[in-house]
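To start, the structure itself, in structure tokens.
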Amino acid sequence: EAEEEEEVQQPEAEEEEDDERPKTNLRDLFEYQVSNTPNATALRFADQLISYSQLNQSINQLARQLIELGVKPQQKVAVCLNRGPALISSLLAVVKAGCCYIPIAPDYPKQRLQFILEDTGCDFIIYQNDTAELCEKLTAFRLNYDSTFANRNNLQSDNLAVSIAEKDTAYIIYTSGSTGRPKGVPISHTNLLPRLNCLQQEIPLTKNDIMLQNTDYSFDVSVAEIFWPLTSGASLALVEQHESKLPGRLLDIIKKQQVTASCMVPSLLNAMLPLVKDKQLDSVK
């Protein structure tokens with residue numbers, strides 16, 4: 001009888017432990033992690049190390065800047081940035097402002113970019129000096145991440161109190177359009193969080209893990225690659241845009257940053273393996 005009682009009670013204990021992680025939206029899940037590991041390294045980019053607390057503060061300031069510029073909850077905000085801390089801050093700032101982000105790859109033809117903006121009804125885009133030529137003549141309202149830093153740095157950096165519902169759209173990612181017109185796929189917070197929680201349950205990441213961020217953020221694989229580690233206390237090692245398709249350079253970065261986890265397509269992995277030397281992949285679990 002005692003054994004039977006223990007078997008009945010055990011699932012309840014596990015469920016209670018899982019309930020500690022927020023299950024409503026990405027913003028809450030990220031802020032929960034910031035409160036747990038504020039001083040842990042969240043981002044690694046070249047020689048920069050950015051803690052969870054520092055990243056969260058910059059995200060909050062950018063979210064306030066978006067709101068000051070007139071962005072309303074549940075609006076769509078396109079993001080056209082090269083890979084780096086500004087990109088991660090922008091994606092999460094859009095979410096914290098109660099909006100959904102639309103990733104626009106910097107190497108998109110301008111016609112595709114304009115099509116996506118018109119198809120989604122998006123009238124706001126975040127860009128930077130490196131992507132200004134692509135974005136400066138679009139009809140959307142624009143925010144240059146680089147040139148508005150001074151104004152943003154004076155804003156409050158504490159968490160915002162914007163209401164975000166489970167059913168709200170977190171992001172919209174477009175298909176390649178290789179068989180016709182590209183199609184936008186809206187993903188809600190209630191669709192996103194189970195994926196992140198399932199990954200963490202099946203392959204637990206800790207503050208000792210470092211995930212390589214090399215997938216273009218216009219592809220859906222990037223969502224887990226970015227937000228899984230950042231909601232689990234791990235660190236994200238960002239690959240510069242021009243290095244993302246250089247197998248030899250990726251091996252150097254993996255060794256330098258001591259990367260433990262990575263998501264990559266077989267073709268890239270097969271191109272890397274013959275080039276491995278000097279224990280470049282020894283840190284990868």
Practice problem: Could you grab me the full set of residues in region 108-135 that are closer than 18 Å to Tyr145 by Cβ, open to solvent by 10 Å² or more (accessible area, probe 1.4 Å) and out of contact with any strand residue (DSSP E or B) (no Cβ under 9 Å at 6 or more places or on another chain)? | Solution: Tyr108, Asp130, Glu133
Practice problem: Tell me which residues, restricted to region 136-159, are of a type in the set (A, V, I, L, M) and surrounded by fewer than 17 Cβ atoms within 10 Å (Cβ to Cβ). | Solution: Ala150, Leu155
Practice problem: Considering every residue within region 25-37, establish whether at least one is of a type in the set (Gly, Ala, Ser) and over 21 Å from Val94 (Cα atoms). | Solution: no
Exercise. For region 263-273, indicate whether the set of residues that are surrounded by 14 or more Cβ atoms within 10 Å (Cβ to Cβ), of a type in the set (A, V, I, L, M, F, W, C) and assigned to a loop (DSSP other than H, G, I, E, B) is non-empty.
Key: yes
Practice problem: Would you check if there is a residue in region 141-149 being among the hydroxyl-bearing types (Ser, Thr, Tyr) and touching a Cys at 6+ places or on another chain (Cβ under 8 Å)? | Solution: no
Practice problem: Those residues that are touching a strand residue (DSSP E or B) at 6+ places or on another chain (Cβ under 7 Å), touching a residue at least 12 places away in the same chain (Cβ under 8 Å) and within 21 Å of Tyr145 (Cβ to Cβ), I need them from region 25-64; list them, please. | Solution: Leu26, Ala42, Leu43, Arg44, Phe45, Ile50, Ser51, Tyr52, Leu55
Self-check item: Close pairs (8 angstrom Cβ cut-off, 6 or more residues apart or separate chains): basic (Lys, Arg) in region 182-201, modelled with pLDDT under 95 and part of a strand (DSSP E or B) anywhere
Solution: Lys183/Tyr174
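The values are calculated or read from the model by the stated rules, or taken from the named source; none is laboratory data. Treat the numbers as computed from the prediction; the structure is a model and nothing was measured. Cβ coordinates were reconstructed from backbone atoms using ideal geometry, including for glycine residues, and neighbour counts include every protein chain displayed. The protein model used for the area step is the full one, side chains on, heavy atoms only, and it has no ligands, DNA or RNA in it. Shrake-Rupley method; radii C 1.70, N 1.55, O 1.52, S 1.80 Å.
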